[in-house]
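Have a look at the structure below, then the notes.
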Amino acid sequence: MSNTGQGGNVDTVGSVDKKIRVVLVGGSGYTGFEVIKILARHPQAELVGVFGPKGELGPMEGFYPHLSKLCALDQELFEPDRLKDMGADVAMLCVPHKVAMDYVPTLLDVGLRVIDWSADYRIRDAAVYEKWYCPHTDKQHLAEAVYGLPEFYAEQISTARLIANPGCYPTCTALALAPVIRAGLVEPTGIVSNAISGVSGAGRKPHPKFHFPDCNENFGPYGVGNHRHMPEMEQTLSDLTGQAVELLFQPHLCPMDRGMLCSIYARPIGDVTEAQLTECLQAAYARKPFVRVRTDVLPATKYVAYTNFCDVAARVAKGHVMFFSALDNLIKGASGQAVQNMNVMFGLEETAGLY
């Protein structure tokens, strides 16, 4: 995917009186629910429409009673012509992979900027995408998409029409590794990212193995050697560091609602100290509001729950380098990052509506 935006409506919000008008496609899932809550408190954005599939229509508070008096909108059947009447500026596309490709061309054609949360536009090479997912039907816009990791691609995001919102695991892994690989402190190959995620990562309508009787009091690996986020991680880190990065990614399902923790193992280059690694991370994220470099405590899921923060830390032991990173998979791993991208796209403070 390109890191340069191409045309489209790239107006910034020039006045506090003008609000970004947002439409959400796919509001009944967990991440749709989270972004509705964020937009309800956002000082310069408003949700003007929610669309969903035929079998999931009706008041948003019917899906999530928490939204009573926070969101009076109904989830309606998607009709492109209505978008013009709403005067929408941006569409947040919270639908599964393969489905997103059906919506993006239409949304761009009616003049909206798009933040897509699926995997459809994250992987630059269509052949690689098709190996891990399905046939790609919108290669034209794949070439235009900008990867939405604001800590590194803010300049490109600011002028883009189409943002590929990163996956939660790739975000958690890349934020820990990119600065130190780029600085030549660790080897770009032989990396192992050992990660856990809460059950909400499987979505609101998951496979039966994610139901309470199966996952409660249970902890185990899945996607051994073939998780779809692995090529996204390698592509992102290779782009950010300018060298071919190779890693093994192993996810685990943890019996908790939300949260993500990555324990990452890498080989040092030379006699690297913990202080050098920490200083490198601190320098990279000194002006990045949502990455906290931990020295006092190690990252943990409770420290980032319900926030847009990603906590990272580095340690050295027995000649090995270890990194730990934690985030909320529904916020910094999805909905919060989407709003952070929207803020950058429209010239707002990155932190608007977020904490």
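The values are calculated or read from the model by the stated rules, or taken from the named source; none is laboratory data. A quick note: this is a predicted structure, and the numbers were derived from the prediction, not measured. We place every Cβ from the backbone using ideal geometry, glycine too, and count neighbours over all the protein chains shown.
Taking into account only those residues within region 268-323 that are buried (at least 16 other Cβ atoms within 10 Å of the Cβ) and either basic (Lys, Arg) or modelled with pLDDT under 95 (or both), which is farthest from Ile191 (Cα to Cα)?
Per the criteria, the residue is Lys288.
Return the residues of region 237-255 that are touching a strand residue (DSSP E or B) at 6+ places or on another chain (Cβ under 9 Å) and not acidic (Asp, Glu); say none if nothing qualifies.
Leu237, Val245, Leu247, Leu248, Phe249, Gln250, Pro251, His252, Leu253, Cys254
Helices (runs of 4 or more DSSP H) wholly in region 117-193 with at least 3 residues that are buried (at least 24 other Cβ atoms within 10 Å of the Cβ) and at pLDDT 95 or above - which ones? First the steps, then the outcome.
Details: elements: 126-132, 139-142, 150-158, 168-182.
Those helices (runs of 4 or more DSSP H) span 168-182.
List the residue pairs whose Cβ atoms are under 6 Å apart, where the first residue sits in region 216-243 and is under 23 Å from Glu187 (Cα atoms), the second is among the charged types (D, E, K, R) and at pLDDT 85 or above, and the two are 6 or more positions apart or on different chains.
Close Cβ pairs (under 6 Å, with a partner that is among the charged types (D, E, K, R) and at pLDDT 85 or above) amount to Glu232/Arg122; Thr241/Arg182.
Residues that are among the hydrophobic types (A, V, I, L, M, F, W, C): which helices (runs of 4 or more DSSP H) entirely in region 15-98 hold 3 or more of them?
Passing ranges, in order: 30-41.
Looking at (1) out of contact with any Phe, Trp or Tyr (no Cβ under 6 Å at 6 or more places or on another chain); (2) surrounded by 22 or more Cβ atoms within 10 Å (Cβ to Cβ), which one does Ile20 not meet, given that it meets all the others?
(1)
Within region 232-269, work out how many residues are farther than 14 Å from Ile181 by Cβ and not aromatic (Phe, Trp, Tyr). Break it down into steps so the answer makes sense when it comes.
Step one: list which residues in region 232-269 are farther than 14 Å from Ile181 by Cβ, which gives 232, 248-263.
From what's left, not aromatic (Phe, Trp, Tyr): 232, 248, 250-263.
Within region 232-269, residues that are farther than 14 Å from Ile181 by Cβ and not aromatic (Phe, Trp, Tyr) number 16.
Would you confirm, using the coordinates I've provided, whether Glu61 is within 25 Å of Asn308 (Cβ to Cβ) and among the acidic types (Asp, Glu)?
Yes; evaluated as a whole, the condition is true for this residue.
Residue check, His97 against (1) farther than 18 Å from His229 by Cα; (2) in contact (Cβ under 8 Å) with a residue 24 or more places away in the chain; (3) not hydroxyl-bearing (Ser, Thr, Tyr), all met but one. Which one?
(1)
Can you confirm whether Val291 is of a type outside the set (Phe, Trp, Tyr) and within 23 Å of Phe309 (Cβ to Cβ)?
yes
Given Leu93, Leu83, which one is at pLDDT below 90, crowded, with 17+ Cβ neighbours inside 10 Å and in the same structural domain as Arg161 (by TED's automatic domain parsing)?
Values: Leu93 fails: at pLDDT below 90.
From the options Leu93, Leu83, the qualifying one is Leu83.
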